[in-house]
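Asks: What follows is a single structure, and I will ask about it in a moment.
The values are calculated or read from the model by the stated rules, or taken from the named source; none is laboratory data. Computed from a predicted model, the values in this text were never measured in an experiment. Positions of Cβ are backbone-derived with ideal geometry, glycine not excepted, and every protein chain shown enters the neighbour counts.
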Amino acid sequence: MKPRPRHLRRSAFTLIEVLVVVAIMALLLGLLVPALARSREQARSVVCRSNLGQLHKANVFYLQAYRGIFPPHRYMATVTVDGRSEEVEKQWFHLLESYTKSRQLPRCPSLSTGIQRDRNYWQWGYDGHNLGYGYNAFFLGNHLHPDGNTSGTYIATRNWWPESKVKVPADNILFGDSNPKPDGMWSSTLWWPFVNKFGEGLNGSRHGTGRKSHISSQVGAGNLVFNDGHVEFRQCRTVNPAQDNTDQHIRFWDPLQRRKPK
């Protein structure tokens, strides 16, 4: 019996060839998956910046309606529950909801519906502790605390703070990426005196720029919207002070851009 011509013989991959192909595919996947994850996170970060810009616009409408006075970060409201009137505490985003028309706008898209690991474990909620967007409340909306509230060496601006007194709106933080304190509370405020003590400054661990379990408020980068309406993706070390009660970066927080008392 004659052997088949060479061009009619069946060819097959050897084991080594199969292993080489599998190794190449694994290498490509190893390179592509992180790149795709970074691309998705960059897209979420863009939406996050859009959300902050929309919150700024809602704040502008609020200022127009309330004679240029910034909203309080907390306030008491009367609500009707089962036919009875009750006093409940609400936050700044409840006031802006009249203009945003959405409870989802104050939600960073990087915060999924599941449990977040962002310094500590928490779950997004439309409340003062789990919102994930903080308000520069110590300086702009410090309403439920005594007039001239003092914390450390900085004196807060007085209650009912007017927009007209903001010296440089392009420098003054309004809202930004935030994180609950280690006790799981108050992610709805960026509270200057506690930026390092309790992590109540710009949160840099959300958009893939810092370690998820980092402690230092100087690590990573996050999104901020300023009082003139422009939004920035900023390194935390350029905004958060290196330690509590210093005047480092105070111009981004204090609308009067005061220096630390001597």
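Asks: Can you tell me which residue within the range 71-110, out of those that are touching a His at 6+ places or on another chain (Cβ under 9 Å) and among the hydrophobic types (A, V, I, L, M, F, W, C), is nearest to W161 (Cα to Cα)? Explain how you work it out, then say what you get.
Replies: Of the range 71-110, the ones touching a His at 6+ places or on another chain (Cβ under 9 Å) are 71-75, 77, 91-92, 108, 110.
Going one step further and asking which of them are among the hydrophobic types (A, V, I, L, M, F, W, C), we end up with 77, 92, 108.
Working: A77: 20, W92: 14, C108: 27 Å.
This residue is W92.
Asks: Another question, if that's okay. Could you grab the pairs with beta carbons closer than 9 Å, sequence gap of 6+ or different chains, first residue in the range 55-83 and at pLDDT below 95, second one of a type in the set (V, I, T)?
Replies: Correct list of pairs: H73/T189; R74/T189; M76/V88; A77/V88; T78/V88; V79/V88; V81/V88.
Asks: Within the range 165-175, which residues are surrounded by fewer than 24 Cβ atoms within 10 Å (Cβ to Cβ) and over 11 Å from D228 (Cβ atoms)?
Replies: K165, K167
Asks: Do any residues in the range 208-230 that are closer than 22 Å to P106 by Cα and at pLDDT 55 or above have Cβ atoms under 7 Å from those of residues that are crowded, with 23+ Cβ neighbours inside 10 Å and of a type in the set (D, E), where the two are at least six apart or on different chains, and which pairs are they?
Replies: Close Cβ pairs (under 7 Å, with a partner that is crowded, with 23+ Cβ neighbours inside 10 Å and of a type in the set (D, E)) amount to G222/D177; N223/D177.
Asks: Among the residues of the range 18-41, is any closer than 30 Å to G128 by Cβ and modelled with pLDDT of 80 or more?
Replies: Of the residues in the range 18-41, the ones closer than 30 Å to G128 by Cβ are 40-41.
Adding the requirement that they be modelled with pLDDT of 80 or more leaves none.
No.
Asks: Return the total of residues in the range 99-115 being without any contact (Cβ under 8 Å) to a residue 12 or more places away in the chain and either in a helix (DSSP H, G or I) or of a type in the set (A, V, I, L, M) (or both).
Replies: Residues in the range 99-115 being without any contact (Cβ under 8 Å) to a residue 12 or more places away in the chain and either in a helix (DSSP H, G or I) or of a type in the set (A, V, I, L, M) (or both): 1 in total.
Asks: Looking only at residues in the range 111-132 that are closer than 14 Å to D183 by Cβ and at pLDDT below 75, which one is farthest from the chain's Cα centre (by Cα)? Before the answer, list the steps.
Replies: The initial filter retains those residues of the range 111-132 that are closer than 14 Å to D183 by Cβ, namely 119-122, 128-130.
Among the residues that remain, those that are also at pLDDT below 75 are: 119-120.
Values: R119: 13, N120: 15 Å.
It comes out as N120.
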